[in-house]
1. Whenever you get a sec, compute what percent of the accessible area on the chain sits on carbon and sulfur atoms (1.4 Å probe).
2. Could you give the radius of gyration (one decimal) and Dmax (whole number) of the Cα atoms in the range 49-100, in Å?
3. Given the rule -39500 (n - 2.57) for each run of at least 4 DSSP H residues, summed and divided by the residues of the chain, what is its mean residue ellipticity at 222 nm, to the nearest 500 deg cm²/dmol?
4. Using the eigenvalues of the Cα gyration tensor, what equivalent ellipsoid semi-axes result for the range 1-74 when each is taken as the square root of five times the eigenvalue, whole Å, largest first?
5. What order do you get for 41-54, 63-76 when each peptide is scored by the mean count of other beta carbon atoms within 10 Å, highest first?
6. Taking K and R as +1 and D and E as -1, what net charge do the other residues with C-beta under 14 Å from the C-beta of Tyr103 add up to?
7. Quick one: angle between helix 89-101 and the longest Cα principal axis of the chain, in degrees between 0 and 90, rounded to 10, please.
8. Write down the accessible area per residue of the chain in Å², having rolled a 1.4 Å probe over the full set of protein chains.
Amino acid sequence: MESPKIWSKVGEPRVLAQKFGKSLVEQDFTNPHTGETENYSLLVQKDWSIVLAITTDNQVLVVKEFKQGRNSIEQELSAGTADFAEESSRQVMERELLQETGYQAAK
């Protein structure tokens, strides 16, 4: 089996939409197997973390949030993006858990 190869970017990304620290961009790449240029849509965002929080009585904590893409209230795990470049993934998880559930992680 052939090893995977890096696809080369062609030109600069084109921003299609941008909001809330996320960007939808188009980027052309050269397929190293065929030599052809192919276009891809990419979601670019800051680093983020998801928390799987389990209580001492083995319950999973979820939050209910409105999701615009589904136009409904959904249950999901606490999650969020880094506010600062120096914020670690652990700090993001601790902050988001506290903000979204009111719980503080013991470990």
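1. Numbers: 4480 of 8590 Å².
Its accessible area is 52 percent carbon and sulfur atoms.
2. Both quantities, over Cα of the range 49-100: 12.4, 35 Å.
3. Numbers: 1 runs with 13 residues, N = 107.
-4000 deg cm²/dmol, from helical runs alone.
4. Working: eigenvalues 266, 78, 23 Å².
The three semi-axes for the range 1-74 are 36, 20, 11 Å.
5. 41-54, 63-76
6. Details: positive: Arg95, Lys107; negative: Asp57, Glu94, Glu96, Glu100.
Combined, the nearby Lys, Arg, Asp and Glu give -2.
7. Helix 89-101 sits at roughly 50 degrees to that axis.
8. Details: 8590 Å² over 107 residues.
Solvent-accessible surface per residue comes out at 80 Å².
The values are calculated or read from the model by the stated rules, or taken from the named source; none is laboratory data. The shown structure was predicted, so the numbers you read here are calculated from the model rather than taken from an experiment. Positions of Cβ are generated from backbone atoms using ideal geometry, with glycine treated the same way; all protein chains shown enter the neighbour counts. With ligands, DNA and RNA removed, areas are computed over all heavy atoms of the protein, side chains included. Shrake-Rupley method; radii C 1.70, N 1.55, O 1.52, S 1.80 Å.
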